[in-house]
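Read through the structure below, which is laid out as structure tokens, and then see the notes.
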Amino acid sequence: MFAALQNGLIVSCQATGDEPLNRPEYLAALARCAEIGGAVAIRTEGLEKIRALKTAVKLPIIGLIKGTFTDGAVLITPDFSDLEEMIAAGADIIALDATDRQRPNGWHGFDFLRAVKQRYRIPILADIATHAEGVTAAELGAEAVATTMSGYTPATAGRQDEEPDYALIASLHRAVSVPVIAEGRIWEAQQAQRALAAGAFAVCVGSAITRPQLITHMISGPNQLSPRQSHEVIVVGGGVAGICAAASAARLGARTLLVERYGFLGGMSTAGMVTPFMKFWIETEDGRRQPLVGGLFEELTQRMAAIGGMIENGFSALAFKRVATEMLIEAGVELRLHALMLGAHVEDRTVRSVLLQHNGAPQPHSAAVFIDTSGDGELLLHAGAPWRKGDEQTGLLQAMTMFFRMGGIDLEAAVAHVAAHPEQFFAWSTKEYHHERIVAIAGYYDIIRQARQRGLLPEAVEYFFFTSLPAYGEAAFNTTNILGLDGSSSFDLTAAEIEGRRQVFNIANLLRARAPGFERSYLIETGVQVGVRETRRAVGDYAVTGEDVMGARKFPDRIARGCYGVDVHGQKGEKSRMEHLQPGQYYEIPLGAIIVQDWENLLVAGRCLSATRAGHAALRIQATSAAVGEAAGALAALARPHGGRVRQVAPALLQAHLSKAGNI
């Protein structure tokens, strides 16, 4: 029965009380219209209406009868006699309440469902409100579960979201083998499509189709804005900071839009192919790694590992894209890929809306809080908010790198060569191969020296550095070195792309010709774009300094932690520097680093957070960006009761959430 409903629209033809359409013949006409329009089934209430609709359409009829709980709440299909009468009236499927509540007839909801399945052969659609209820209903034999009751039971009464319960849909899709029907708060096609993307087998829509008075009020009523235009939180930039910011805000109930210029998520992690995740743990006295970043970043890495997308802290860009997308869809984030931000509307140092180009004419999108995770401070620039760029004295920016991926590498032979010729490599390069451990090698000094002499490599390339990837024989290379250019300029980025790929082709050829283990290797791909380490950074309530980092400073308003040291990839005329913290030490990042100075509702995370150049050189890594992004998203969601004024949120409230996540 349910197989024919997959990916389809079930229309609920119901009316209550003295509504003008509350007559069997009128609802039968609506059902006929729904059938003509492509509906796959009809849901309706009451014996007369089941009979009338059964004769009006050829679609399956999902029947129910409404009663009440002792507290007056609606109870769907109260008793066994109701089922028997609906079966006689012609219902093809019976909907009934399968929530964890005691029914007035003395039956508990689960026991009632169990008894129904023992007594009757008709398919049952179990209306539930929580994940646990859906799992139990499926275990008790319900042929399908529907999210109908989410927000309408004592256990879910705190859910104030006006959107469908995407998170519930997604979690049930993963947990049960029966169809999951998305029902409740679906008002437009986009929401239905998102529900299907989250894992719904089919969607059920009622009021948005069959209750004209509500439709009329929604369109003509005062201050009614489409969800496509009005959100509570807008995040600009879909890198790891933006992913965690959007997921964090949405999981706390905020209507969240994430805007990304590429057709996929990940930013530098995927478009730039930056791997592995740099150090985000400290070593304990007994030699264990103690992570400083948990929460969404930990979930991301665990889910990538579960699909074979990680080897220690190295990861596959494809696995990253997949898992990040799944996490955001499950959280109910509205994704807007292939979208460009063209401008921002500002009043009294408050961002009111951003102008997005994504389909046809540019459209404004409003929100209570905005988060710039673009890496380049694009929202800061368009809003006219304060920012800085480069070294405080010279204005120099860090070097750029075109990452690339090679396959067909004999990693065991490469590691053996390092062990035999350690003078040619960095001391920390891998010298013993194990298939479950990441291989990290940097050096090849003689090959590089000779290539420079022949004009095959610029002086800027000082060593070849690669780390192995989850796929056997593949590695990612952080080797090219592109100097004297600005990653926030399209002119300079063009030059960097050309120079970066020129270096890549020469390096791949040199490795294949000269490096043991690379004899049968081949170049797979370069990054979608050149890797950028530094452009604009915000002027916030506080700027994290290099001294804060190297001194392992702690802050009372901490929102994240890190242990990666100051890492500056020097430009022309500038020496590179890499400073490490003492073993076991870590620093904290304060709340003021993500709040833009003198602005009410503008936050930053990722590469454009508030820091000096030296501080930024430590905080820019992916794990730290994820933790800061999660904090920014949580702060934005918590600021909703304050009209988006982020400073009105008590730091202790934010910290309680972040502590539970394991980020502070």
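Could you list the residues of region 53-83 with an amide nitrogen less than 12 Å from a label point located 7 Å from the Cα of residue 157 in the Cα-to-C-beta direction?
Only 71-73 pass the distance filter.
Of the trypsin sites (Lys or Arg not before Pro) in region 493-587, which ones lie in a loop per DSSP and count no more than 11 other C-beta atoms within 10 Å?
520, 572, 575
Evaluate the distance, in nm, between pseudo-label points positioned 7 Å from the Cα of residue 174 and of residue 193 along their respective Cα→Cβ axes.
The modelled label-to-label distance comes out at 2.5 nm.
Taking θ = phi - 60°, what integer Hz values does the Karplus form 6.51 cos²θ - 1.76 cosθ + 1.60 yield along region 599-613, in sequence order, with x for Gly and Pro?
Couplings: 9, 7, 9, 10, 10, 9, 7, x, 5, 9, 5, 7, 6, 6, 4 Hz.
What's the extension gain from residue 215 to residue 585 if we count 0.36 nm per residue and subtract their Cα-Cα distance?
This chain segment gains 127.3 nm when fully extended.
Just in region 472-542: which chymotrypsin sites (Phe, Trp or Tyr not before Pro) are loop by DSSP and have at most 16 other Cβ atoms within 10 Å?
Loop-located and lightly packed - 472.
At a Förster distance of 35 Å, what's the computed FRET efficiency of residue 3 paired with residue 361, Cβ-Cβ distance as r, to 0.05?
Calculated transfer efficiency: 0.25.
What helices does the chain hold that run 30 Å or longer along their axis, going by alpha-carbon atoms, with a Kyte-Doolittle average of -0.5 or more, using DSSP H for the helix calls?
490-514
Determine the gain in length on full extension of the stretch residue 394-residue 539; use 0.36 nm per residue of separation and subtract their C-alpha separation, reporting nm with one decimal.
Result: 50.4 nm gained on full extension.
Can you tally the net charge around residue 31? Count Lys and Arg as +1, Asp and Glu as -1, for every other residue whose Cβ sits under 11 Å from the Cβ of residue 31.
+3
Normalise the Debye intensity by I(0) for the chain, one equal point scatterer per Cα, no solvent, then take log10 at q = 0.07, 0.08 Å⁻¹ and round to two decimals.
Debye intensities relative to I(0), on a log10 scale: -0.55, -0.68.
Sort 568, 235 by Cβ crowding within 10 Å, fewest neighbours at the top.
By the 10 Å Cβ count, ascending, the order reads 568, 235.
Can you put 564, 433 in order of Cβ neighbours within 10 angstrom, beginning with the fewest?
Fewest-to-most Cβ neighbours within 10 Å comes out as 433, 564.
If we count other beta carbons within 10 Å of each Cβ, what is the order of 243, 448, 371, fewest first?
By the 10 Å Cβ count, ascending: 448, 371, 243.
Sum up the charges of everything whose Cβ sits under 14 Å from the Cβ of residue 203, counting Lys and Arg as +1 and Asp and Glu as -1, but leave residue 203 out.
Net local charge, residue 203 excluded: -1.
Would you mind getting me the FRET efficiency between residue 453 and residue 490? Use the beta-carbon distance for r and R0 = 41 Å, nearest 0.05.
Using R0 = 41 Å, I get an efficiency of 0.75.
In nm, to one decimal, how far is the modelled label at residue 647 from the one at residue 80, with both set 7 Å along Cα→Cβ?
Using points 7 Å along Cα→Cβ, the separation is 6.7 nm.
Is region 2-220 rounded, prolate or oblate when judged by the Cα gyration tensor, a ≥ b ≥ c being the square roots of its eigenvalues, rounded requiring a/c under 1.5 and prolate requiring a/b larger than b/c?
Verdict is rounded for region 2-220.
Run lengths n ≥ 4 of DSSP H only: what is the helix-derived mean residue ellipticity at 222 nm for the chain, with -39500 (n - 2.57) per run over all residues, to the nearest 500?
Estimated from H runs of four or more residues: -9500 deg cm²/dmol.
Search the structure for amide H atoms under 5 Å from the amide H of residue 374, placed 1.01 Å from N in the peptide plane, and list their residues when 5 or more places away or on another chain.
Under 5 Å from the amide H of residue 374: 379.
If I take R0 = 45 Å and measure r between the Cβ atoms of residue 501 and residue 346 in this structure, what FRET efficiency does the formula 1/(1 + (r/R0)^6) give, to the nearest 0.05?
0.70
How far is it, in nm, from the label point at residue 576 to the one at residue 117 when both lie 7 Å from their Cα along the line to the Cβ?
Going from the residue 576 label point to the residue 117 one covers 6.1 nm.
Count charges around residue 368 for me, please; just the other residues with Cβ under 12 Å from its Cβ, Lys/Arg as +1, Asp/Glu as -1.
Every neighbour counted, the sum reads +2.
Once you sort the root eigenvalues of the Cα gyration tensor of region 589-664 as a ≥ b ≥ c, which label holds: rounded (a/c under 1.5), prolate (a/b larger than b/c) or oblate (the other case)?
Taking the square roots of the gyration eigenvalues as a ≥ b ≥ c, region 589-664 is oblate.
Would you please state which residues of region 435-477 a label at residue 305 would reach in this model, taking the label point 7 Å out along Cα→Cβ and a backbone N cut-off of under 17 Å?
Those under the cut-off are 435-439, 469-471.
Throughout, read-outs are computed from the coordinates displayed, never taken from laboratory work. Predicted model only: the values in this text are computed from it and were never measured. Methodologically, a virtual Cβ is constructed for each residue, glycine included, from the backbone with ideal geometry; neighbour enumeration extends over all protein chains shown.
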